[in-house]
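Contents: one structure, followed by commentary.
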Amino acid sequence: MSEQHVESDGLSQRIDKVEAFLNGIDTLKSDFIQIADNGTITRGVLSLDRPGRLRFEYTDETPLLLVSDGTLLSFIDYDVGQVTRWPIDDTPLGILVQDKIDLRAADAMVNSLEIGGQSVILVSVDDPADNQQGNLTLLIEETPQPDGPPSLSLRGWEVMDGQGVVTRIRLEKTRLNLALADEELWSFKDPRTLPSQRRRRGR
């Protein structure tokens with residue numbers, strides 16, 4: 001029983017540590033690499049402002065945009081002139097931009113493993129009431145510090161949709177808690193109102 005108690009305490013402390021780290025991220029700006037299930041690689045810039053707001057802007061020729069204004073997550077395809085929307089809280093990405101991230105309330109599974117000598121914490125969240133929304137697994141690196149507890153850094157995540165298709169996001173050059181004062185980050189030019197020859201430039 002004592003061994004089980006120690007493991008439970010260790011897990012509880014790990015959850016508390018990860019929660020404190022995630023709740024300490026007010027804003028985030030990062031380059032990202034997106035790896036699709038078929039191996040296709042695209043790149044862009046991620047902006048995030050809790051609560052509720054984020055933007056994936058592709059810097060290559062990918063004619064897509066994903067942006068949340070704090071309430072709705074909009075997926076914009078400028079190639080076909082289509083906009084699809086969901087409440088941000090009903091998507092796997094919702095946990096990232098909650099006002100207060102509560103991993104226990106989200107029934108998150110928290111595990112750790114070694115990858116190439118690097119300690120990585122995996123935080124998996126899904127919605128058992130709605131399997132179509134899929135699940136999200138955060139990858140958080142844990143780096144030992146000589147004069148204190150290990151530091152944490154968000155390296156990316158994986159999203160598996162309801163059909164089992166996996167999309168991987170890797171973050172690079174991440175900057176935390178910068179001022180993101182540009183309100184246009186959380187809006188978009190609606191492709192349905194643009195002539196087809198201007199759609200790609202409408203981003």
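The values are calculated or read from the model by the stated rules, or taken from the named source; none is laboratory data. Remember, it's a predicted structure, so these values are computed and weren't measured experimentally. With ligands, DNA and RNA removed, areas are computed over all heavy atoms of the protein, side chains included. Shrake-Rupley method; radii C 1.70, N 1.55, O 1.52, S 1.80 Å.
Rg/Rh for the chain stands at 1.00; both radii use Cα atoms, and Rh follows the Kirkwood definition. In the range 72-180, inverting the average of 1/r over every pair of distinct C-alpha atoms gives 15.9 Å as the Kirkwood radius. Residue separation of Asp37 and Thr174 scaled by 0.36 nm, minus their Cα-Cα distance, works out to 46.9 nm of gained length. Of all lysines in the structure, the ones whose alpha carbon falls short of 22 Å from that of Lys100, not counting any fewer than 8 places away in one chain, are Lys17, Lys29. The mean accessible area for residues of the range 130-193, using a 1.4 Å probe and ignoring ligands and nucleic acids, is 61 Å² per residue.
A convex hull fitted around the alpha carbon atoms of the range 16-118 yields 138 Å³ per residue. Leaving ligands, DNA and RNA out of it, report the carbon-plus-sulfur percent of the accessible area of the chain at a 1.4 Å probe. For the chain, the apolar C and S fraction of the accessible surface comes to 50 percent. For a quick check: with amide H placed at 1.01 Å from N, whose amide H comes under 5 Å from Thr62's, ignoring anything fewer than 5 positions away on the same chain? The list, which skips near neighbours in sequence, is empty: none. Only helices enter the 222 nm calculation for the chain: every DSSP H run of n ≥ 4 contributes -39,500 (n - 2.57), and dividing by all residues gives -4000 deg cm²/dmol, rounded to 500. For the range 159-165, the Karplus equation 6.51 cos²θ - 1.76 cosθ + 1.60, evaluated at θ = phi - 60°, returns couplings of 10, 10, 7, x, 9, x, 7 Hz by residue, with Gly and Pro reported as x.
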